[in-house]
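**Q** Can you read through this structure? Questions will come right after.
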Amino acid sequence: MNLILKMILNSQNRFRIGKLLGQGSFSDVHIAYDNYLNKDVALKIEKANKPKNVLKFEYTVLKGLQGSKHVCRIYDFYNNEDPLGRSFIAMELLGFFY
């Protein structure tokens, strides 16, 4: 993860960013502690060099599917919140990560 983005997210006192859980073509997923919810979440962060509507579209689809049996909960969406214009989604962390 970009050190600048990590500093910004940590400085907002909302998230403490942890290890990288996975990455794909358009985003990286980190474990993060959400100080507002008082629990670990998955934080999906858009890559800086990718189209800016991909994560917003994913958020819209997932939001519409909330309550479905096999869809993780979405806690928050930040649109273009860092200096590079990246968006990120805070979502339910599923599975076991140590």
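We did not get these values from a lab; they are worked out from the coordinates using the rules stated. In this text the structure is predicted, and so the values were computed from the model without any measurement. Cβ coordinates were reconstructed from backbone atoms using ideal geometry, including for glycine residues, and neighbour counts include every protein chain displayed.
**Q** How many nm is it between the label spots at GLN23 and VAL71, if each spot is 7 Å from the Cα in line with the beta carbon?
**A** 2.9
**Q** Subtract the Cα-Cα distance of ARG16 and GLU92 from 0.36 nm times their separation in residues, and report this length gain in nm to one decimal.
**A** Roughly 25.8 nm would be gained on extension.
**Q** Then there is this: Taking neighbour Cβ counts within 10 Å as the exposure measure, how do ARG14, ARG73 sort from fewest upward?
**A** By the 10 Å Cβ count, ascending: ARG73, ARG14.
**Q** When a footprinting reagent is the concern and you count Cβ atoms within 10 Å, what order do VAL71, VAL41 take, fewest first?
**A** VAL71, VAL41
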